[in-house]
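Enquirer: Before we start, here is the structure in question, set down as structure tokens.
Taken together, the values in this text are just the output of simple stated rules run on the coordinates, not laboratory data. As the structure is a computational prediction, the values presented were derived from the model and not from experiment. A quick note on method: Cβ atoms are made from the backbone with ideal geometry, for glycine too, and the neighbour counts reach across all protein chains shown.
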Amino acid sequence: MAKRKKPFKDGEFVEEAFQEAADELFHNFKNKSEIVAAIEFIQLSSRTVTRRVEKRSNDVFFQLKTDLDECCYSSMQLDESTDATGTAQWPVFVRMVFNNFTVKEELLKVISLKGHTRGEDIFFAMKQLILSKKIPIHELVSISTDGAPALRGSTSGFIALCQRDESFNLSLYFTSAVSVWKVFKFE
């Protein structure tokens with residue numbers, strides 16, 4: 001990819017990788033030239049490429065789901081950013097701690113919110129993510145945010161809605177950048 005100085009389409013990349021690997025893989029084969037010729041005519045339609053990307057995505061999420069099921073404690077971190085089209089993007093990171101005290105951090109999902117980004121909008125999008133992906137939240141011990149008013153509002157903010165929801169752990173600890181700034185006197 002670096003030689004071409006531009007991104008490959010996925011199909012072209014796979015085909016070229018097969019061609020490069022064929023020399024080594026089929027080094028001692030009598031019909032090596034036939035195999036290499038067949039590789040040149042592999043059809044990688046857009047549907048084939050899409051299917052491959054979906055399988056990889058499902059596999060990555062399956063691995064993450066397995067880690068979430070096996071961890072002892074987990075925490076989530078949310079922060080809002082806005083893309084070039086004005087859509088609010090909420091990356092949700094999860095940090096997991098396992099029995100052997102290893103820690104793993106992964107991007108769980110980027111939640112896109114068009115229009116409003118009120119606390120209830122963020123809460124319902126997060127709740128939908130948890131329910132649709134069957135994410136275990138019984139070991140969730142903290143949620144960290146950037147301290148925006150939509151997140152920390154005392155009645156309809158994201159944190160207040162999480163605290164009132166019975167599926168979240170009652171002893172869940174919430175932190176925000178605002179509280180960290182006040183603790184360390186960075187104001």
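Enquirer: So for the range 72-183, Kirkwood radius off the Cα pairs, Stokes-Einstein at 20 °C and 1.002 mPa s: how many µm² s⁻¹?
Expert: Using the Kirkwood radius from Cα pairs, D works out to 148 µm²/s.
Enquirer: Would you work out the charge dipole size for the range 73-167 about its Cα centre, treating the Cβ of every Lys and Arg as +1 and the Cβ of every Asp and Glu as -1, and quote it to the nearest 20 debye?
Expert: Its charge dipole is roughly 180 debye.
Enquirer: Calculate one ³J(HN,Hα) per residue across the range 90-106 by plugging θ = phi - 60° into the Karplus curve 6.51 cos²θ - 1.76 cosθ + 1.60, and present them in order as whole Hz with x for glycine and proline.
Expert: Running phi through 6.51 cos²θ - 1.76 cosθ + 1.60 with θ = phi - 60° gives 10, x, 10, 9, 10, 10, 10, 10, 9, 3, 8, 6, 7, 10, 9, 10, 9 Hz.
Enquirer: Could you list, in their original order, any pairs among 30/55; 32/109; 114/134 whose Cα atoms are separated by more than 32 Å?
Expert: Beyond 32 Å between Cα atoms: 30/55; 32/109.
Enquirer: Over the range 72-183, what is the mean sequence separation of C-alpha contacts under 8 Å (at least six apart), divided by residue count, expressed as relative contact order in percent?
Expert: RCO, the range 72-183: 24 percent.
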